[in-house]
Amino acid sequence: MRYVALLRGINVNPATTLAMADLRALLDRLGYGKVRTHLRSGNALFTADGDAESTAAAIERGLGEELGLSVAVIVRTAGQLRGVVERNPLEVRDPARFAVVFLARPPDREGLASIDPAAYAPEEMWIGERELYVYFPDGLRRPKLPPLMERYSTGPATMRNWNTVTRLLALAEDL
């Protein structure tokens with residue numbers, strides 16, 4: 001099975017510094033195949049047996065035990081990532097300002113549905129299965145929606161812009 005692992009908050013501060021060579025080595029030691037990384041933000045691609053949830057848990061354990069990092073890991077199969085791209089309901093006007101928030105578990109739909117979109121305009125959000133699609137026309141410097149999205153997440157979440165999402169899909173399908 002081809003997988004994409006998305007690590008939350010990697011290389012954003014000194015406490016979460018992780019060289020991608022170290023991540024690749026860890027994934028190799030865990031027995032995963034065709035390991036590669038993309039960018040410095042904690043994106044890894046590999047092949048493995050087993051399901052996404054247990055794979056994410058194994059990577060989290062390895063990061064903690066071997067590298068001393070407490071990092072949430074969200075894993076999707078290449079097919080699941082293809083579905084995320086194909087189900088995108090919003091127009092991608094600027095792929096650098098359009099993002100997908102990957103959730104470890106389905107979101108609190110009722111809580112998210114209670115958000116008044118007009119109060120956060122021009123930002124936009126759409127609720128997916130285990131992802132949120134968001135558009136930040138003013139960029140990511142001081143967006144209003146992410147704190148709300150965090151409140152209504154039912155577990156760990158990590159965000160990637162559309163350029164990264166589509167590149168990861170292409171890389172995953174090419175493994």
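The values are calculated or read from the model by the stated rules, or taken from the named source; none is laboratory data. Note that the structure is a prediction, hence the values are computed from the model and not measured. Quick reminder, even Gly has a Cβ in these numbers, built from the backbone with ideal geometry, and neighbours come from all protein chains shown. In case anyone asks, the SASA skips ligands and DNA or RNA and just uses the protein heavy atoms, side chains included. Shrake-Rupley method; radii C 1.70, N 1.55, O 1.52, S 1.80 Å.
Summary table below
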quantity	calculated
Unmet requirement for residue 78, which otherwise passes all of (1) surrounded by fewer than 16 Cβ atoms within 10 Å (Cβ to Cβ); (2) farther than 20 Å from residue 9 by Cα	(1)
So residue 63, is it touching a residue at least 40 places away in the same chain (Cβ under 8 Å), within 27 Å of residue 134 (Cβ to Cβ) and part of a helix (DSSP H, G or I)	yes
Subset tally (residues that are under 14 Å from the mean Cα position of the chain (by Cα) and surrounded by 18 or more Cβ atoms within 10 Å (Cβ to Cβ)) for the range 129-145	5
Enumeration of residues in the range 21-36 that are open to solvent by less than 60 Å² (accessible area, probe 1.4 Å) and touching a Leu at 6+ places or on another chain (Cβ under 8 Å)	23, 26, 35
Hits in the range 92-128 (condition: assigned to a helix (DSSP H, G or I) and open to solvent by less than 80 Å² (accessible area, probe 1.4 Å))	111, 112, 113, 118, 119, 120
Tally of residues being of a type outside the set (S, T, N, Q) and either at pLDDT below 95 or open to solvent by 20 Å² or more (accessible area, probe 1.4 Å) (or both) across the range 161-175	6
Candidate set: the range 1-20, residues that are among the hydrophobic types (A, V, I, L, M, F, W, C) and in a strand (DSSP E or B); chosen: the one farthest from residue 85 (Cα to Cα)	7
